[in-house]
Amino acid sequence: MKSSVIWLTACAFSLVLCQSVALEHVSAVFELLTSDCPTEPVNVEAVAAQSEPECSLLCTLSSECRLSVYLTDRAVCYRLSAMPPSTGSCGSRMVARRKLLASETTPSNPVTVGPSAPTSATPASSLSEASVIQNLSSNFVLWYNFKKSFKNFVNQSVYQAEPVNVTEQSPVDGVRLQGSSGSYVKVSTAGFSKYFAFGKQYSMFFQGKFSCNPVDKCISSFLDVNNPTTPTNLYIKSDGNITARVQFASGTLSSSLMTWASGCAGDSVERLTSFGINFVGMTFSSNAYYNGSMMKSIHMSMVFSGGGNFSNIHNNLLIGSCMSAAIQPFDGWLQCWALLTGNLDAAQFDQLRSACSL
């Protein structure tokens, strides 16, 4: 039987809430209401909440909650199991979010913020790299195929990658990083915090040839190279599982992290590996892509802290380095890396995998 225990622990300083969850389903997707808001919740318990994201989290943790309602002037949260019979316009003091059902957020009907998610009807095996880019053009931000060049294939005039201490490039395997702190691929990404803001949705994809030897190994990180203490990073843990963390540039919700169970063997054999993740607005999707299959999350945490404005924390993308003593630099072959707006399903990740393998 799967554990349904949720641990809520206090954290230091100005933290409101930390959450560690061991559940098959650990996230929810919300739709912000702009009309038909409750006139005033009646016969529902009000819970103190220091921020609207905390109210959404409380609704996420309740299986019966379908609507989170936060009153900014009173700092209280209402969790409703259904829309009340009396509704009206949404006032400035109320933030109401409807929690979507699983059927409303499945890959066939993804919920997106910004450009709509693309269709996945075309089989991956029949698509060229150019066709994949065309099919996903409204969502692509960055697409690098290091077997061919360091250019951003989405728009080759912007965001060209810069190899730093990279001495090997192969049309078969990509570029080789040696696992040293000074060997990585760098992209200047000033202004990219807009893609990682609370409520936004995005996807990341990576393919490479490497071993899952027992160290925490960096895949990529967005950070301020002058102060790399608040990164948005993707890395493989020493146990072979995959972890992603997003740092928000501002707001009460500071960061969100999730770990997925993968089949990455803990040995020195270099294997071709592909994986993709989706961020669904407040946290990561509990399902992630791994070598053609979907894997489940095994841990999720969120940190709430008071205020903060870190305008430069997404200004640099380092592929292969997290600038952290705890996470080792990547050693192995980099082949492809991508950032897209919206969320992808397994078939769309298959398309990226196929395009990278051509």
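Rule-based calculations on the coordinates, nothing more; no lab input. What you see is a predicted model, and the numbers here were worked out from it, not measured in a lab. Positions of Cβ are generated from backbone atoms using ideal geometry, with glycine treated the same way; all protein chains shown enter the neighbour counts.
Over what distance in Å are the Cα centres of segment 49-94 and segment 138-160 separated?
If we compute the Cα centre of each part, the gap is 41 Å.
Students often get this wrong, so check it: of LYS209/LYS296; LYS148/LYS209; LYS147/LYS217; LYS209/LYS237, which have C-alpha atoms separated by over 19 Å?
Violating the 19 Å limit, Cα to Cα: LYS209/LYS296; LYS147/LYS217.
Determine which residues of segment 165-179 fall in the zone a paramagnetic label at LYS151 would reach in this model, i.e. backbone nitrogen under 20 Å from the point 7 Å along Cα→Cβ.
Under 20 Å, as judged by backbone N against the label point of LYS151, lie 169-175 of segment 165-179.
Calculate, in nm to one decimal, what SER89 and ALA326 gain on full extension: separation in residues at 0.36 nm each, minus their alpha carbon distance.
Length difference between fully extended and current span is 80.4 nm.
Run the numbers for SER268 and ASN165: contour at 0.36 nm per residue of separation, minus the present Cα-Cα distance, in nm.
Taking SER268 through ASN165 to full extension adds about 34.8 nm, to one decimal.
With +1 on each Lys and Arg Cβ and -1 on each Asp and Glu Cβ, and nothing else charged, work out how big the dipole of segment 141-206 is about its Cα centre, in Debye to the nearest 20.
180
Once you have the Kirkwood Rh of segment 127-283 from its Cα pairs, apply Stokes-Einstein at 37 °C and 0.692 mPa s and quote D in µm²/s.
193
Quick check on packing: order 70-79, 341-350, 158-167 by the mean number of other C-beta atoms within 10 Å, highest mean leading.
Order by mean packing, descending: 341-350, 70-79, 158-167.
Sort 83-90, 145-152 by the packing proxy (mean of other Cβ within 10 Å over each peptide's residues), most packed first. Intermediate results must be reported in sequence, preceding the final value.
Numbers: 83-90: 12.6, 145-152: 18.6.
Output ranking for 83-90, 145-152: 145-152, 83-90.
If packing is taken as the average count of other Cβ atoms within 10 Å, what order do 240-251, 176-187 fall into, highest mean first?
240-251, 176-187
Points 7 angstrom from Cα along the Cβ direction at GLU31 and MET294: gap in nanometres?
2.0
Between SER81 and ALA197, what is the label-to-label distance in nm when each label sits 7 Å out along the Cα-to-Cβ direction?
3.6
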